[in-house]
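The values are calculated or read from the model by the stated rules, or taken from the named source; none is laboratory data. What you see is a predicted model, and the numbers here were worked out from it, not measured in a lab. As a convention, Cβ positions derive from the backbone with ideal geometry for all residues, glycine included, and neighbour counts pool all protein chains shown. Note: accessible area is taken over every heavy atom of the protein model, side chains too, but ligands, DNA and RNA are not part of it. Shrake-Rupley method; radii C 1.70, N 1.55, O 1.52, S 1.80 Å.
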Amino acid sequence: MVFPVSVGPSSNAGEWGELVEREFPEHAVPGPTRYRDLLAWPEEEKGELPRSFDVIGDIVLVRLPASLVARQDEIGAALLEFVPGARIVGADHGVHGAERLRSVERIAGSGGWRTRHRENGVELEVDVERAYFSPRLAREHAIFAEDVRPGDRVYDLCCGVGPFSVTTARRGRAKAITAVDANPEAIALLRETLVRHGFEDRVASRAACLEEFVPTATPVERVVLNLPREGIKYLPSVARAVAPGGRLYYYEVAPRAELESRGVSLVNGLASEGAFSVVTHRSVHPYSPDADLAVFVLERTR
Ligand SMILES: C[S@@+](CC[C@H](N)C(=O)[O-])C[C@H]1O[C@@H](n2cnc3c(N)ncnc32)[C@H](O)[C@@H]1O
């Protein structure tokens, strides 16, 4: 059965089978609207429960305050029941090291940390312990892909499992995409995704450090650098990999109140690499009480 969701049925829809119109009765879905409603705790004990959690494929990750660790099995069971299709729930102990690998601890469900995550019409191979991935960046991946013009060449630096590259490949405008990450496990997962989508010819993937790749890279029209804590040390060399008229999408954790001035200081700091202007800056999501993960889109004017 096929439902038209954005436009009406096309004139040749009948070739697929029978075209019918039906009224559906309204069907109220019973059940809780929040996972906390599944916990039979007194309301005053629910104050510290996290309001948000991440869903990556059939994996649910939640960050728990120390005060709730003793009750993590109950919280895991509630999330497992609450999230449709969930298979395993993990306590997320954060990302560590240069490869930004996530420490996770199973608190409910079964199986491993390998999954397939769907976003922006692509399905990414993900292993939450062995390569970085965040479902909170889905909109960023789509915005970047939309900004690529027909014939542009793209570098996806610090690509992880390749969501920027795969989304851009699906959009189909780029002439060439090169995805680079120091973590060979991330590149192996990306290659599996590319094969499954038939995008092997659209994305070249390399397990390499930026230090190795960038100095000899031919300048291209679109570059993304998503290494929010340490990316700044690579920024001058990465800026040289942006062709005149091209754009650099640079992600950084920055004080929320200073995003605009931060954009200006980034451009001033790149003056010896070329003339850059800030096309836009935007908060992606809160990172700490005073800081956001932000993206700065810098254009090389000459
Ligand atoms: C925050 S993740 C970004 C992943 C991806 N761009 C995304 O949006 O999901 C940073 C990535 O940078 C990689 N990385 C860290 N230092 C690197 C370096 N010097 N050269 C290449 N990759 C590096 C890590 O392995 C990790 O996959």
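Pick from Pro215, Pro65, Pro289 the residue whose mean-square fluctuation is largest in a GNM of the chain, springs joining Cα atoms under 10 Å. Sorting by GNM fluctuation, first place goes to Pro289.
Taking the charge dipole of the chain about its Cα centre, with +1 at Lys and Arg Cβ atoms and -1 at Asp and Glu Cβ atoms, the residue from Tyr287, Gly162, Pro30 reaching farthest to the positive side is Gly162. DSSP beta bridges confined to the chain are antiparallel in about 60 percent of cases. Surface composition of the chain: carbon and sulfur make up 51 percent of the accessible area, probe 1.4 Å. Of the trypsin sites (Lys or Arg not before Pro) found in region 45-88, the ones in coil according to DSSP and having at most 10 other Cβ atoms within 10 Å of their Cβ are Arg51. Pick from His117, His285, His141 the residue whose mean-square fluctuation is largest in a GNM of the chain, springs joining Cα atoms under 10 Å. Of the options given, His285 has the highest mean-square fluctuation. The H on the amide N of Ala291, modeled in the peptide plane, is under 5 Å from the matching H of Arg256, each at least 5 residues off or on a different chain.
If the elastic network links every pair of Cα atoms under 10 Å, which of Phe82, Phe24, Phe133 fluctuates the most in the Gaussian network model of the chain? Answer for the Gaussian network model of the chain: Phe24.
Placing +1 on the Cβ of every Lys and Arg and -1 on the Cβ of every Asp and Glu, with no other charges, gives region 69-145 a dipole of roughly 100 debye about its Cα centre.
For the chain, what class follows from the C-alpha gyration tensor (a ≥ b ≥ c being the square roots of its eigenvalues): rounded when a/c is under 1.5, otherwise prolate if a/b is larger than b/c, else oblate? It comes out oblate by the Cα gyration axes. With a simple spin-label model that places each label point 7 Å from the Cα along the Cα-to-Cβ direction, the separation between Val278 and Arg173 comes to 2.4 nm.
Between Thr301 and Glu260, the FRET efficiency estimated from the beta carbon spacing at R0 = 25 angstrom works out to 0.85.
Rounded to the nearest 500, the helix-only mean residue ellipticity at 222 nm of the chain stands at -6000 deg cm²/dmol, with each DSSP H run of n ≥ 4 adding -39,500 (n - 2.57). If the label point is 7 Å along Cα→Cβ of Asp58, which residues in region 111-150 have backbone nitrogen under 17 Å from it? Flagged as within label range: 111-119, 123-129.
Work out the length of the dipole vector of the chain about its Cα centre, built from +1 on the beta-carbon of each Lys and Arg and -1 on the beta-carbon of each Asp and Glu, and round it to the nearest 20 debye.
Dipole of the chain, to the nearest 20 debye: 940 debye.
Note on region 140-228: Kirkwood radius taken over Cα pairs, Stokes-Einstein applied at 20 °C and 1.002 mPa s, translational D equal to 169 µm² s⁻¹.
What full-extension length gain, to one decimal in nm, is calculated for Glu74 and Val195 as 0.36 nm per residue of separation minus the Cα-Cα distance?
Once the chain is fully extended between Glu74 and Val195, it gains 39.6 nm.
When Val83, Val278 are compared by accessible surface with a 1.4 Å probe, the order from highest to lowest is Val278, Val83.
Measuring gaps between exposed loop sites in the chain (GluC sites (Glu not before Pro); DSSP loop; at most 15 other Cβ atoms within 10 Å), the longest gap, sites not included, is 49-128.
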